[in-house]
1. Rolling a 1.4 Å sphere over the protein heavy atoms, what is the accessible area per residue of segment 104-166, to the nearest Å²?
2. Report the full-extension gain for the segment Tyr293 to Lys141: residue separation times 0.36 nm, less the Cα-Cα distance, to one decimal in nm.
3. Along each of its three principal axes, how wide is the spread of alpha-carbon positions in segment 82-210, in whole angstrom units, largest first?
4. Between Ala152 and Gln187, what is the label-to-label distance in nm when each label sits 7 Å out along the Cα-to-Cβ direction?
5. Using alpha carbons only, how many angstrom separate the centre of segment 96-110 from the centre of segment 205-278?
6. For segment 83-148, give the magnitude of the charge dipole about the Cα centre (Cβ charges: +1 Lys/Arg, -1 Asp/Glu; no others), in debye to the nearest 20.
7. Roughly speaking, to the nearest percent, how much of segment 146-273's 1.4 Å accessible area is carbon and sulfur?
8. What net charge do the residues around Leu121 carry, taking every other residue with its C-beta under 10 Å from that of Leu121, with Lys and Arg at +1 and Asp and Glu at -1?
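The values are calculated or read from the model by the stated rules, or taken from the named source; none is laboratory data. The shown structure was predicted, so the numbers you read here are calculated from the model rather than taken from an experiment. When we count neighbours, we look across all protein chains shown, and the Cβ atoms used for this are built from the backbone with ideal geometry, even at glycine. Each accessible area value is taken on the protein alone, full model and side chains, heavy atoms only, with ligands, DNA and RNA left out. Shrake-Rupley method; radii C 1.70, N 1.55, O 1.52, S 1.80 Å.
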Amino acid sequence: MEDNKSFLWTQRILIAILGLTGTLSISLMILFKTNTSDAQTKSVTVKDTAANVRTQQRLEEFKTEMLTSWQQEAQAKGFATDVPTKFQGIVISEAKLPSNKKVIALTFDDGPWPSSTAKVLDILKKNNIKGTFFVVGQNVKNYPDLSKRVVAEGHIIANHTWHHWYHHMNAQAAAYEVANTGDIIYQTTGVKTSLFRPPGGIMSNGVAAYAKSNKYAIIMWSADSMDYSRPAVPRLMNNIFREAKPGGIVLMHDGGGDRSHTVKALPEVISKFRKQGYEFVTVPELLEMQDQYPQVVAQNKSKSQKPQKP
Ligand code: NI
C-alpha cells in the first residue's frame with residue numbers, strides 16, 4: 001500500500017514537472033516567435049534556431065531552480081539542519097581547532113536595524129565575507145526586507161529571541177520568545193534555524209533552557225568587541241584582537257542602537273584579521289570544521305563560556 005502510494009505520488013510529481021516544463025517551453029517559443037515576427041522574413045529561420053538554443057538554456061536554468069527550491073524546502077521541513085546533530089542542545093563559545101587552522105566567525109546581533117544592517121551587509125559583500133546574524137524577532141517583523149537581504153546574500157540567520165528581554169521568564173514566555181522568533185525567521189526568509197544566542201549571554205532566565213531542550217545549538221562567543229559601549233575604533237579593535245584565536249567567534253552588533261562605531265571599525269577589523277592570515281567562516285562552517293578535529297576537542301575539554309552584555 002505505502003509503496004503504491006509513494007509511487008503514485010512520484011508519478012504525479014513527474015507529470016506536474018513535465019506539464020510545467022511543457023507550458024514554459026511553449027510560452028517561451030510564443031515569446032520568441034512574437035519577437036521574430038517583427039523581423040525581416042528571410043532572417044526568421046536563423047532567429048528560430050537561436051531561439052531554440054535560448055529556450056534550451058532557459059529550460060536548463062529552470063530545472064536548476066526547481067532543484068534548488070526543492071532542496072530549500074527539504075531543509076525547511078527539517079530533513080537537513082544547518083548544524084551537525086551532535087551540536088544540538090550544546091553550548092559553544094568557540095570551535096576547538098588546531099592553532100594553524102586560522103579561521104574566525106564574525107557574528108552580528110540585535111538586528112536587523114534600519115540605520116546599520118545595510119551598511120554592515122555592504123561591507124561584508126565588498127569583502128566577500130559571510131557572517132552570522134542573530135536577529136531579534138520583532139525586528140524581523142518590522143524590517144522584513146533587510147532580513148531577506150541577510151539570507152539572500154548568503155549569510156546565516158539565527159535566533160536571538162523576540163523581545164531581547166533579560167529578565168526571568170516562565171516556560172510559556174520563554175517558549176514564546178524562542179519559537180515565535182524561529183517562526184518569523186522562517187516565514188520571512190524560508191530558513192529554519194537551529195542556532196540560538198541568548199540576549200546578554202544570560203543562560204539562567206529560561207530562554208536558553210527552552211532553546212536547548214528544543215535542539216538549538218547555543219552559540220556564545222570567544223571575543224567580545226564591546227561595541228555596545230560605543231568605543232572608538234582602536235579600543236574596539238583591541239577588544240577583539242586581544243582575544244582573537246583560530247576557531248574563535250567574534251561578537252559585534254548591527255542593531256539595537258547606534259552602531260556607527262561598529263560600521264566604522266568593521267573594514268579595519270576585516271583587514272587586520274586578513275593580515276594575520278585569517279579566513280572568515282560562518283558559525284555552521286565553524287562547527288563542521290570542529291567536527292573534523294575531534295582530537296583537539298578532547299585535549300581542550302571545554303573552557304566554557306564567556307557571557308555578559310547584549
Ligand atoms: Ni543581543
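1. Details: 2370 Å² over 63 residues.
Dividing the accessible area of segment 104-166 by its residue count gives 38 Å².
2. Full extension from Tyr293 to Lys141 adds 50.8 nm.
3. Projected onto its principal axes, the Cα set of segment 82-210 covers 43, 38, 23 Å.
4. 2.0
5. So the two Cα centres are separated by 10 Å.
6. Its charge dipole is roughly 320 debye.
7. On the way: 2610 of 4850 Å².
Roughly 54 percent of what the probe reaches on segment 146-273 is carbon or sulfur.
8. +1
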